[in-house]
Amino acid sequence: MDKKVPFTKMQKIIEVLIAAVFLGIVIFLIVRWSNIPIRIASHFGLTGKPNIWSNKISLIFLPIVYLFIYILLTAVSFFPSVWNLPVKLTEENCEIIYIETRNMICFIKLIILIAFSWITISSALQRPLGVLFMPAFLIVMFGGITLTIVRIMQKSKVKK
């Protein structure tokens with residue numbers, strides 16, 4: 001049932017937003033590079049305060065890691081047969097489940113990018129992440145995943 005389902009308008013908007021934020025963080029690093037101290041925070045504790053320091057070259061790795069995550073998640077979004085879904089896939093519900101799951105993948109890519117961007121900017125500007133960073137990230141990430149699972153289960157019942 002690997003039915004081709006086109007990207008929705010919302011998914012396209014999120015993908016454009018992802019590209020804009022990614023480009024923005026790359027431009028930020030290029031423009032600010034000479035002003036970034038040689039030694040920057042490269043790890044933050046649970047309270048959001050830096051606890052390990054590295055050379056500013058390490059700032060380049062977060063966008064590279066994000067790009068790898070983006071490519072991997074995007075590739076997975078094109079192969080619904082590998083998804084572990086909470087409901088049985090049928091001809092009647094497969095399109096809506098594919099759309100909801102791809103919505104979640106787009107959302108995850110955006111949230112990870114925002115988190116990586118915040119970490120990059122905080123490191124470059126020598127600022128702590130903030131005590132609410134990790135709880136907010138986890139709540140938003142797992143909240144989005146939970147919401148998707150609930151929506152998939154509700155919509156699969158409606159289609160039966």
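Below are the figures for this structure:
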| quantity | calculated |
| --- | --- |
| Matching residues, the stretch 76-90, being over 21 Å from the mean Cα position of the chain (by Cα) and surrounded by 13 or more Cβ atoms within 10 Å (Cβ to Cβ) | Val87, Leu89 |
| For Gln126: the one exception among (1) at pLDDT below 95; (2) buried (at least 16 other Cβ atoms within 10 Å of the Cβ); (3) closer than 24 Å to Leu23 by Cα | (2) |
| Helices (runs of 4 or more DSSP H) within the stretch 58-160 that include 1 or more residues touching a Pro at 6+ places or on another chain (Cβ under 6 Å) | 94-124, 133-159 |
| Hits in the stretch 24-38 - residues which are in a helix (DSSP H, G or I) and within 13 Å of Ile60 (Cα to Cα) | Ile25, Val26, Ile27, Phe28, Leu29, Ile30, Arg32, Trp33 |
| Unmet criterion (only one of (1) in contact (Cβ under 8 Å) with a residue 40 or more places away in the chain; (2) closer than 29 Å to Ile97 by Cβ) for Leu29 | (2) |
| Set Ile64, Ile119: member being more than 30 Å from Met153 (Cβ to Cβ), loosely packed, with under 14 Cβ neighbours inside 10 Å and among the β-branched types (Val, Ile, Thr) | Ile64 |
| Residues (of a type in the set (D, E, K, R), surrounded by 12 or more Cβ atoms within 10 Å (Cβ to Cβ) and closer than 23 Å to Ile71 by Cα) located in the stretch 1-41 | Lys12, Glu15 |
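Here's the yes/no breakdown for (1) closer than 30 Å to Ile40 by Cα; (2) among the hydrophobic types (A, V, I, L, M, F, W, C):
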position: Leu73; (1), (2): yes, yes
position: Ser77; (1), (2): no, no
position: Ser81; (1), (2): no, no
position: Asn84; (1), (2): no, no
position: Thr90; (1), (2): no, no
position: Ile97; (1), (2): no, yes
position: Glu100; (1), (2): no, no
position: Asn103; (1), (2): no, no
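Condition check ((1) free of Cβ contacts under 8 Å to residues at least 12 places away in the same chain; (2) out of contact with any strand residue (DSSP E or B) (no Cβ under 8 Å at 6 or more places or on another chain); (3) surrounded by fewer than 16 Cβ atoms within 10 Å (Cβ to Cβ)) across all residues:
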| site | (1), (2), (3) |
| --- | --- |
| Ile60 | no, yes, yes |
| Thr74 | no, yes, yes |
| Asn103 | no, yes, no |
| Phe133 | no, no, no |
| Leu147 | yes, yes, yes |
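The values are calculated or read from the model by the stated rules, or taken from the named source; none is laboratory data. Remember, it's a predicted structure, so these values are computed and weren't measured experimentally. A quick note on method: Cβ atoms are made from the backbone with ideal geometry, for glycine too, and the neighbour counts reach across all protein chains shown.
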